[in-house]
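Chemist: Encoded as structure tokens, here's the structure I'll be asking about.
The values are calculated or read from the model by the stated rules, or taken from the named source; none is laboratory data. Since the structure is predicted, the reported quantities are computational estimates derived from the model, not experimental observations. Cβ placement follows ideal geometry from the backbone for every residue including glycine, while neighbour counts extend to all protein chains displayed. Remember, those area values only see protein heavy atoms, side chains included, never the ligands or the DNA or RNA. Shrake-Rupley method; radii C 1.70, N 1.55, O 1.52, S 1.80 Å.
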Amino acid sequence: MVNPIHIVSIALGVAFALGFLGKREKLALGVVYSALAAMIAISAGWLSHFWGNINEPIQIFTGGFKPPFAINLQMGLAESVFTLLINTVGLLGAIYLAKELLQAGKNMMIVFLVLVLGLNVMVMTRDLFNLFVFMEIQSIAIAGLVILNPDRKSIPAGFKYVIATGLISGLLLLGTVFIYYFGGTLNIDFISQESLLYVKGGSVAIFLVLLSIVLELKPFPANGWALDVYEGAHPGIGALISAASATAGIFVLDKLMVFGNFTFYNAISIIGAITFLASNLLGIKQENTRRLLGYSSVGQIGLIMTIIGLKPYLGENTKFIALAILVSHYLAKAGLFWLAGIVNADKLKDWGAIRGHRIYLFLMGTFIFTLVGFPPFPSFFGKWQLVMQLANNHHFWLLAIILLGSLFEGVYLFRWLGYAIKWDEVEQNYPKIKLNQFIPIAIFAVLTYALGFYFGELSGYKSTFIYIAAAFIAFLYIVDFLLVFIKNTLSIAAMGFYLYTNLSSYQSYYLIFLAIFVIGGIITLLAGYTFKGKRTGFYSLVMMMFAGLIGLLEARTTLEFFFAWELMTAGSYFLIIRGKKSMEHALSYILFSVGGAYLILSGFGIAQIGHAGMGLDILKDVHYYAPIAFTLMAIGFMTKLASIGLHIWLPGAHAEAEADVSPMVSAILLKAGVFGLVMLFLSMGPQKLFGIDVLYVLSWIGALTALMGNMMAAFQEDAKRLLAYSSIGFLGYALFGLSMMSHLGWLAALALVIMHFLFKALLFLAIGGVVMRTKTKYMYQMGGLIKKMPFTFISVLIGIIVIAGVPPLTGFGGKWIMYNAIMEKEWFFQAGIVFFAGVVAFLYCFRLIHTIFLGQLKDEHRKLKEAPFWMLFPQYIILIIVFVLSALPNSLLKPIGDILMPYFPAGALEWHGQLALSAYGYWNGKLIMVIVIGIFASVFAWLYIINRKAQKVGQFNIVYAAERPSRPETTHFAYNFFAPYRKALGFLVSPGITNFWDAVSDGAHAIADKVRSIYNGNGQTYLAHIIAYVVIIYVLINGGF
Amino acid sequence: MQFELKHIAYGLLTLFIVLNYGLILQGIMPKIAARVGRRYGIRWYQPYIDIIKNHAKRSKITHGVMYYLGPVFRLSGGIGLLMFMPVIFGSPIFGNFSFAGDLTLVLYFQFFGVLGMALGAGESGHPHSAIGVSRGLSQVTALELPLTLGVISIAMQYGTLRIADIVAAQQGGIMNWTIFTNPFAGAALMLSFLGSMGRAPFDVVLAPQEIPIGPPTEYHSGFLGVLQLNRAIFPVAKLILFMNLLYGGATSWPELFIKTFFIYLWSVFVGVAFPRFRVDQSVRWFLGVPLLFGIIAILLI
């Protein structure tokens, strides 16, 4: 083991030696790299020494004397980790900045080395004054580096940095001096806090020391100078400040917290939480890249401060949580700053240029998802543990603030990502790939995946399935250059293989969802064969989404469930944003999803209070606040279900998605929410929140959602939006059925869910085929397509008959069961609304088929071909299934009934063959089908006999009362099809909820705008902020002077 | 009950009786309405002549497969609706195929014909057909709400969805009829009935005497003949449904003829006295007083 003092000596020595190298800049740089590499080696060596062994930290004595007469450094497990972090980003940062360092000369390289040196000693030192000295060194070095490329912004930024940190260091020095005065020593280990705190002056001294460290970490609102620095500095330096300097600062804070008492811990956690929330709120308004990253940095450090402040409560878990989040911040921030240096786009909207190289986009996505806290990254596991521990300690307000801050962070980060992926009005100056800039970013990206895996292991996360799936997804990413044909076959084969090998281990209601997710997935993937070429990026994303969905079924602990949930969300977000006009809809989708996911997370947190393990069965036995946990989780799942109030993201997201993505997200993905609700209701049962039966409220929500969805659908001009609203409506039925908590109610709900999957996939595929051929989504621009696309017409016809619930097809069965369920439950008013919604469904069903396939054929469509074979093939598979289920309803309903028996033994249907008997009535699907076919055939025969010589006529050969119809456009009745209905009932669909969410968003923007005006750019004002901050915090902590 | 071939024979018998009754009703009701308007009216056997004439026409055109099938759907819907209901209470011959499904089947099956007809009309390409369909659907969806609430109220009152059982519970005197034991449900149902018969004030769908509009616009010759057959059967089927639900059913054919005649007359009386509503007015009307009756009917269960 190399003596850690050599970290210092190598850096100092090399810094001095550089002076001898004259004009040989390249050699100088090489020497610097070697020095940094050596420092990394030393840190890594010590890390391996302490890892897994319980070795005591060693003390390094300097100056020949022992402390407290001389300065000592300490190297323990924590120090080795932190110095390794600092040195790594130092080396990689230097590699990244090779060109700038060479240009600036070896003086700048010296400053760089000195910075890394200063940070290392800050971590290792045990002496307060030594700490002050090296903090000054660090500040001066950063100030020097900030003006690495002198321009209009960086010079004032550097100046503000100098004066701000000068003041902060001054406070530190003042505190240190008085600690020496009252305590008699400068050594951290020897200062006894008790003696100091008894004396008034001593407590002030400690306060000054601690607060100066806090101020170094840039708390809100005394951080205007920091944001200007982030904005003005070269991104490579921004990376260092954010990753290295903040990391060292955090360690120093933790080191010095031994002085503080309980009040200080609370103060730090509150300061941190406010910083986190405020910075992320202000970030929403931000349009400048580097400043945005500055807000995010300040916010994340605030979060870590909060965690440190919560040490008394978090205990053993503090290290894990803080490190997980710190490491994520460190890797992602450095990565994003480095990317900012490459893309060189000051405005967020210009980031579309990153699309020039897909790999950069992938890296950017990786880092953004790391920051927000998605799996498989370390921040996911850190946040999970944090939430669990906060819940265990009943710190619910803090939990809410942290999740809210995370949501705000998600707002601006995903908006930025959306610009990068989709924004079109961008100059085509794509960045080139320079190896020295690419390699550090790539290394950090690999590290974030690797460390994510590692932190997951530490959390106890074990999912063989996810590991296999992850490997398969990575494989698909690597073979992305292959043709669609091959990748699609691989994907379908993988899903089929999973089904084949795992079917036997599935039981109960999991089977239903397995059928929908996997078999349904295979059917919709078949449509993918339509696409030619390579379809880059698509297959790994699709498999990510399906991996998440299957992961939900495989999950046995709440952590696994949540991991799968977030994975599914991420995959589907990327799929949705592929649509041509999807940018804002994908943002809306992911924000609602993340919000809902946080509610689910909170619910899980509350549920596990008092439990040792995290298996999903803890939901069956929630000790504290069960109704609140239930409500939170229900709302979270309802966000996925797009229930009324939480539905505004769905129409845009589903309508703008690609032709084969829409069936996947609408028919399959929404069922994940249903699965969540099924699991929740079965585990927790009915709950009373403040005396109100939650399930009763949910039944009303379900009924109103059904009505709203169906009515909105009837008024749409865009075919895919119509289908999207129809999904909202149908899932309202499902929610209503589930909330009944009775055998028949659940039978209806689950049968409807399966039917919805069938006909929604059918219709989206059919309409997708139509949109592909006609190149328009608007129904009034279509018309008369029955002649050109007869097969698609038949699909849509069957689909709408199923929706309408008209016998003899299978939709009627669902309606019949629902009638019986309602009569049993006696929820008549909701029933009225639900059945009204069912009849309103006729409106949009007819509109869909009439305006597209009937009516007048437009001139530009006269040469249209039928939809592609591979779009039709899955449709016809579904059609066959629908017919089988209609003729033999037993085959669907009896198995579901059997699955429900253990949970709801009473009220089941009696089956005699295909005749179903309930307490109120009866229904025989097969007999009805036979009779109807018989009558139909007879009447058809009759008509044929009398009219077989009917003559086929041309398009405009219609009774027109002595006029002539001129053009198809003026003769096809399609636009505003239900105008009188809209006039009568349109008030029911006024966009109240959309206005509400718009107001929320505008409000957040307005508040952010108002608050950020304190950052007026004036350095003197920032100094005043700092001083005022110190005074106010002092007053608040001590309750007066 | 199991399906046997004799059921088909019995069904055809029922169909024959109902068809003739319907055609005669189609002749008599306009005569009554005309007499109210101080006119003479058509001959009572005019519908027979119309059907024979239409079938005899030589010119027949078609706009496509769906157009061809439209009347088939319509008539199948009408016949099916009749077949799924028990017509004469207590009679094994005239029970039809009611053992296939209960009241919900009957309520939902009426849309079979409507939907098919609408599709057929759509393929003709005539905008007036489509406008008529849009109006018709709007009205139907509005009247379904009080109808559903009333039906639920009646079903809960008797504790069953089987039509035969509902009829059985109303036997034993006029005061046992649902219209008297559950007046609000009865009122909701009778007001919805007005809408579904398509007479004034809800006749904007076909807008007779005003403009050729609505689904039948493009239909002629044999197609129109089939539609007219349906126009005889379908209303009678609906009348029989309402009779079974509200007026104690019928234990013999004469009783059926009398009861359904007077129920039909209710819609004719309203029709001759009121002008036509616009579609949005009729939608709002159904969601006003009839809905209120339906809600009260539910509350009083």
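Chemist: Answer with yes or no whether A:Phe485 is over 27 Å from the mean Cα position of the chain (by Cα) and either in the same structural domain as A:Phe574 (by TED's automatic domain parsing) or farther than 28 Å from A:Lys333 by Cβ (or both).
Modeler: Numbers: over 27 Å from the mean Cα position of the chain (by Cα): yes; either in the same structural domain as A:Phe574 (by TED's automatic domain parsing) or farther than 28 Å from A:Lys333 by Cβ (or both): yes.
Here the answer is yes, as A:Phe485 does meet what is asked.
Chemist: Only one of (1) within 14 Å of another protein chain (Cβ to nearest Cβ); (2) of a type in the set (Lys, Arg); (3) more than 30 Å from A:Ser508 (Cβ to Cβ) fails for A:Lys865. Which number is that?
Modeler: Of the numbered conditions (1) within 14 Å of another protein chain (Cβ to nearest Cβ); (2) of a type in the set (Lys, Arg); (3) more than 30 Å from A:Ser508 (Cβ to Cβ), the odd one out for A:Lys865 is (1).
Chemist: Return only the number of the condition from (1) closer than 30 Å to B:Ser282 by Cβ; (2) more than 10 Å from chain B (Cβ to nearest Cβ); (3) of a type outside the set (Val, Ile, Thr) that A:Glu910 does not satisfy.
Modeler: (1)
Chemist: Here's a follow-up. Suppose we filter the range A:22-58 for residues that are farther than 23 Å from A:Ala244 by Cα and outside any helix (DSSP H, G or I); how many remain?
Modeler: Matching residues across the range A:22-58 total 9.
Chemist: When the residues of the range B:149-161 are filtered to those that are buried (at least 24 other Cβ atoms within 10 Å of the Cβ) and within 7 Å of chain A (Cβ to nearest Cβ), which remaining residue is farthest from A:Ser918 (Cα to Cα)?
Modeler: B:Leu149
Chemist: Also, I was wondering about something else. Within the range B:257-295, work out how many residues are open to solvent by 50 Å² or more (accessible area, probe 1.4 Å) and of a type in the set (A, V, I, L, M, F, W, C). Outline the logic, then answer.
Modeler: Keep residues of the range B:257-295 that are open to solvent by 50 Å² or more (accessible area, probe 1.4 Å), which gives B:257-258, B:261-262, B:266, B:269, B:272-278, B:281, B:284-285, B:289, B:292-293, B:295.
Add one more test, that the residue is of a type in the set (A, V, I, L, M, F, W, C), and what stays is B:257-258, B:261-262, B:266, B:269, B:272-274, B:277, B:285, B:289, B:292-293, B:295.
Qualifying residue count for the region: 15.
Chemist: In this structure, does A:Ile849 turn out to be open to solvent by 20 Å² or more (accessible area, probe 1.4 Å), of a type in the set (A, V, I, L, M), at the interface with chain B (Cβ under 10 Å from one of its Cβ atoms) and out of contact with any His (no Cβ under 9 Å at 6 or more places or on another chain)? Step through it out loud before you land on a result.
Modeler: Numbers: open to solvent by 20 Å² or more (accessible area, probe 1.4 Å): no; of a type in the set (A, V, I, L, M): yes; at the interface with chain B (Cβ under 10 Å from one of its Cβ atoms): yes; out of contact with any His (no Cβ under 9 Å at 6 or more places or on another chain): yes.
Against the criterion (open to solvent by 20 Å² or more (accessible area, probe 1.4 Å), of a type in the set (A, V, I, L, M), at the interface with chain B (Cβ under 10 Å from one of its Cβ atoms) and out of contact with any His (no Cβ under 9 Å at 6 or more places or on another chain)), A:Ile849 does not qualify.
Chemist: Mind checking which residues of the range A:958-1001 are exposed (fewer than 14 other Cβ atoms within 10 Å of the Cβ), assigned to a helix (DSSP H, G or I) and aromatic (Phe, Trp, Tyr)?
Modeler: Within the range A:958-1001, A:Phe987, A:Phe996 meet the criteria.
Chemist: Look at the range A:962-971 and say how many of its residues are more than 7 Å from chain B (Cβ to nearest Cβ) and in contact with a helix residue (DSSP H, G or I) (Cβ under 9 Å, 6 or more places away or on another chain). Don't jump to the end; show me each part of the working.
Modeler: Of the range A:962-971, the ones more than 7 Å from chain B (Cβ to nearest Cβ) are A:962-970.
Filter once more, keeping what is in contact with a helix residue (DSSP H, G or I) (Cβ under 9 Å, 6 or more places away or on another chain): A:965, A:967-970.
Residues flagged as more than 7 Å from chain B (Cβ to nearest Cβ) and in contact with a helix residue (DSSP H, G or I) (Cβ under 9 Å, 6 or more places away or on another chain) within the range A:962-971 amount to 5.
Chemist: Quick check on this structure: which one of B:Gly116, B:Gly125 is touching a Lys or Arg at 6+ places or on another chain (Cβ under 7 Å) and touching a residue at least 24 places away in the same chain (Cβ under 8 Å)?
Modeler: Numbers: B:Gly125 fails: touching a Lys or Arg at 6+ places or on another chain (Cβ under 7 Å).
The match here is B:Gly116.
Chemist: Can you go through B:Phe180, B:Phe223, B:Phe202, B:Phe184 and tell me which one is crowded, with 24+ Cβ neighbours inside 10 Å and in a helix (DSSP H, G or I)?
Modeler: B:Phe223
Chemist: Which number in (1) β-branched (Val, Ile, Thr); (2) over 30 Å from A:His743 (Cβ atoms); (3) part of a helix (DSSP H, G or I) marks the one condition that A:Ile928 misses?
Modeler: (2)
Residues are listed down the side, and each one gets a yes or a no for (1) under 30 Å from A:Arg982 (Cβ atoms); (2) in contact with a strand residue (DSSP E or B) (Cβ under 7 Å, 6 or more places away or on another chain); (3) more than 14 Å from every other protein chain (Cβ to nearest Cβ); (4) of a type outside the set (S, T, N, Q):
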{"position": "B:Gly222", "(1), (2), (3), (4)": "no, no, no, yes"}
{"position": "B:Gly248", "(1), (2), (3), (4)": "no, no, yes, yes"}
{"position": "B:Ile258", "(1), (2), (3), (4)": "no, no, yes, yes"}
{"position": "B:Phe269", "(1), (2), (3), (4)": "no, no, yes, yes"}
{"position": "B:Gly288", "(1), (2), (3), (4)": "yes, no, no, yes"}
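Chemist: Filter the range A:455-473 for residues that are open to solvent by 30 Å² or more (accessible area, probe 1.4 Å), touching a residue at least 24 places away in the same chain (Cβ under 8 Å) and assigned to a helix (DSSP H, G or I) and give the result.
Modeler: A:Leu458, A:Phe465, A:Ala470, A:Phe472
Chemist: A follow-up question, please. Hey, could you check the range B:110-141 for residues that are small (Gly, Ala, Ser) and within 7 Å of chain A (Cβ to nearest Cβ) and say which is surrounded by the fewest Cβ atoms within 10 Å (Cβ to Cβ)? Even if it seems obvious, please write down each step before you answer.
Modeler: As a first pass, look at the range B:110-141 and keep what is small (Gly, Ala, Ser): B:113, B:116, B:118, B:120-122, B:124-125, B:129-130, B:132, B:134, B:136, B:138.
Filter again for within 7 Å of chain A (Cβ to nearest Cβ), leaving B:118, B:122, B:124-125, B:130, B:134, B:138.
Values: B:Ala118: 28, B:Gly122: 28, B:Ser124: 28, B:Gly125: 28, B:Ala130: 30, B:Ser134: 25, B:Ser138: 28.
So the residue we want is B:Ser134.
Chemist: Of the conditions (1) part of a helix (DSSP H, G or I); (2) small (Gly, Ala, Ser); (3) closer than 25 Å to A:Tyr330 by Cα, A:Gly19 satisfies every one except a single condition; which number is it?
Modeler: Looking at each condition in turn, A:Gly19 falls short on (3).
Chemist: So, in the range B:25-73, how many residues would count as being more than 14 Å from chain A (Cβ to nearest Cβ) and of a type in the set (Lys, Arg)? Reasoning before the result, please.
Modeler: As a first pass, look at the range B:25-73 and keep what is more than 14 Å from chain A (Cβ to nearest Cβ): B:25-50.
With of a type in the set (Lys, Arg) added as a condition, the list becomes B:31, B:35, B:38-39, B:43.
Matching residues across the range B:25-73 total 5.
Chemist: Can I ask one more? Only one residue in A:Gly805, A:Gly784, A:Gly813 is more than 39 Å from the chain's Cα centre (by Cα) and within 11 Å of chain B (Cβ to nearest Cβ), so which one is that? So that I can check it myself, show each step before the final result.
Modeler: On the way: A:Gly805 fails: more than 39 Å from the chain's Cα centre (by Cα); A:Gly813 fails: more than 39 Å from the chain's Cα centre (by Cα).
From the options A:Gly805, A:Gly784, A:Gly813, the qualifying one is A:Gly784.
Chemist: A follow-up question, please. Could you please give the count of residues in the range A:917-935 that are over 21 Å from B:Leu12 (Cβ atoms) and either more than 7 Å from chain B (Cβ to nearest Cβ) or of a type in the set (Ser, Thr, Tyr) (or both)?
Modeler: Looking only at that region, the number is 7.
Chemist: Looking at the range A:362-380, is at least one residue closer than 30 Å to A:Trp225 by Cβ and either open to solvent by 20 Å² or more (accessible area, probe 1.4 Å) or free of Cβ contacts under 8 Å to residues at least 40 places away in the same chain (or both)?
Modeler: There is no residue in the range A:362-380 that is closer than 30 Å to A:Trp225 by Cβ and either open to solvent by 20 Å² or more (accessible area, probe 1.4 Å) or free of Cβ contacts under 8 Å to residues at least 40 places away in the same chain (or both).
Chemist: Working carefully through the options A:Thr318, A:Thr247, A:Thr306, A:Thr275, find the one that is crowded, with 21+ Cβ neighbours inside 10 Å and free of Cβ contacts under 8 Å to residues at least 60 places away in the same chain. Quick ask: steps written out before the conclusion?
Modeler: Numbers: A:Thr318 fails: crowded, with 21+ Cβ neighbours inside 10 Å; A:Thr247 fails: free of Cβ contacts under 8 Å to residues at least 60 places away in the same chain; A:Thr306 fails: free of Cβ contacts under 8 Å to residues at least 60 places away in the same chain.
So the residue among A:Thr318, A:Thr247, A:Thr306, A:Thr275 that is crowded, with 21+ Cβ neighbours inside 10 Å and free of Cβ contacts under 8 Å to residues at least 60 places away in the same chain is A:Thr275.
Chemist: For the range A:579-664, which helices (runs of 4 or more DSSP H) that fit wholly inside it have 1 or more residues that are open to solvent by less than 10 Å² (accessible area, probe 1.4 Å), assigned by TED's automatic domain parsing to the domain that holds A:Leu707 and of a type in the set (Asp, Glu)?
Modeler: Details: elements: A:583-607, A:626-641, A:649-656.
It comes to none.
Chemist: Checking the structure you have, find out if any residue of the range B:21-38 is closer than 15 Å to B:Asn230 by Cβ and either in contact with a Gly (Cβ under 7 Å, 6 or more places away or on another chain) or among the acidic types (Asp, Glu) (or both).
Modeler: Keep residues of the range B:21-38 that are closer than 15 Å to B:Asn230 by Cβ, which gives B:21-23, B:25-26.
Now restrict to residues that are either in contact with a Gly (Cβ under 7 Å, 6 or more places away or on another chain) or among the acidic types (Asp, Glu) (or both): none.
Among the residues of the range B:21-38, not one is closer than 15 Å to B:Asn230 by Cβ and either in contact with a Gly (Cβ under 7 Å, 6 or more places away or on another chain) or among the acidic types (Asp, Glu) (or both), which makes the answer no.
Chemist: I want to confirm something. Restricting to the range A:512-540 and keeping residues that are at pLDDT below 90 and open to solvent by 40 Å² or more (accessible area, probe 1.4 Å), which single residue is farthest from A:Arg556 (Cα to Cα)?
Modeler: For the range A:512-540, the residue satisfying everything is A:Lys532.
Chemist: Working only within the range A:825-842, note down all residues that are more than 8 Å from every other protein chain (Cβ to nearest Cβ) and among the β-branched types (Val, Ile, Thr).
Modeler: As a first pass, look at the range A:825-842 and keep what is more than 8 Å from every other protein chain (Cβ to nearest Cβ): A:825, A:827, A:830, A:833-834, A:837-838, A:841.
Hits for the range A:825-842 are A:Ile833, A:Val834.
Chemist: When both residues are 6+ apart or on different chains and their Cβ atoms are under 8 Å apart, which pairs have a first residue that lies in the range A:724-747 and is closer than 16 Å to A:Phe829 by Cβ, and a second that is open to solvent by 10 Å² or more (accessible area, probe 1.4 Å) and of a type in the set (Ser, Thr, Tyr)?
Modeler: Going by the 8 Å Cβ cut-off, the qualifying pairs are A:Ser739/A:Tyr696.
Chemist: How do the helices (runs of 4 or more DSSP H) wholly within the range A:77-136 filter down when requiring 2 or more residues that are surrounded by 20 or more Cβ atoms within 10 Å (Cβ to Cβ) and aromatic (Phe, Trp, Tyr): which remain?
Modeler: Values: elements: A:77-96, A:98-104, A:106-124.
Counting at least 2 such residues, we get A:77-96.
Chemist: Any residue at all in the range A:939-951 that's among the small types (Gly, Ala, Ser) and not in a loop (DSSP other than H, G, I, E, B)?
Modeler: Quick first cut of the range A:939-951, residues among the small types (Gly, Ala, Ser) only: A:941, A:950.
Now narrow it down to the ones that are not in a loop (DSSP other than H, G, I, E, B): A:941.
Taking every residue of the range A:939-951 in turn, at least one turns out to be among the small types (Gly, Ala, Ser) and not in a loop (DSSP other than H, G, I, E, B).
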